[in-house]
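Note sheet for the following structure.
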Amino acid sequence: MWLSDRRRFLFGFTALSGCGFLPMKGPASQGEKFRNSVFVQAPTNRVEFELVRHLEGRLGRALNRKYNLLFTLRIDQKAAVVSAAQETDRFSLIGTLDYSLIDANGSKILETTETSFTSYSSTGTTLATEQSKRDAEDRLMVILGDQLNARLLATFGS
């Protein structure tokens with residue numbers, strides 16, 4: 001009985017494959033408008049470098065420069081968990097990315113903000129805490145970069 005249900009599911013799935021939907025990524029995607037055409041501003045520190053690296057991985061390097069992406073990045077650190085001994089065991093990093101997409105004519109076609117957070121543990125050695133913070137910053141840059149990419153695809157993908 002279960003086998004026939006699985007076959008019905010797979011048949012329904014293959015029937016939908018010809019429905020006309022295009023993937024957001026891939027050679028036939030609608031997001032190709034921005035592929036290799038967005039110049040992301042130069043980073044000024046390690047965290048911005050990670051953001052730019054991630055964005056260039058998603059959007060490609062600006063070989064055909066049609067747009068400029070200018071951004072301002074802010075990261076706030078707040079104590080998230082304080083132990084009974086009044087020691088901070090966990091920190092939250094709140095990232096805010098303000099950015100503008102500017103076309104070749106110099107006019108802003110998109111100006112918005114993305115916000116997200118991540119956290120890291122501060123228990124252990126100083127080296128372990130610093131590495132945890134660095135990893136959390138890198139995760140935050142991936143999250144913010146993916147939000148920016150999704151906004152571009154949602155806004156200009158058609």
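Descriptive notes on the structure:
- Relative contact order of region 30-156, pairs being alpha-carbon contacts under 8 Å that are 6 or more residues apart, as %: 23
- The GluC sites (Glu not before Pro) of region 83-158 meeting both criteria, a DSSP state outside H, G, I, E and B (loop) and at most 12 other C-beta atoms within 10 angstrom of the site's C-beta, are E87.
- Placing +1 on the Cβ of every Lys and Arg and -1 on the Cβ of every Asp and Glu, with nothing else charged, gives region 38-158 a dipole about its Cα centre of roughly 360 debye.
- All aspartates and glutamates inside 12 Å of K78 as judged from Cα atoms, apart from same-chain residues fewer than 8 positions distant: D89
- Bridging of K66 to aspartates and glutamates at a Cα separation below 19 Å is possible for E32, E56, D103, E111, once same-chain residues fewer than 8 apart are set aside.
No lab work stands behind these numbers, since they all come straight from the coordinates. Remember, it's a predicted structure, so these values are computed and weren't measured experimentally. Note that we place each Cβ from the backbone using ideal geometry, even for glycine, and neighbour counts take in every protein chain shown.
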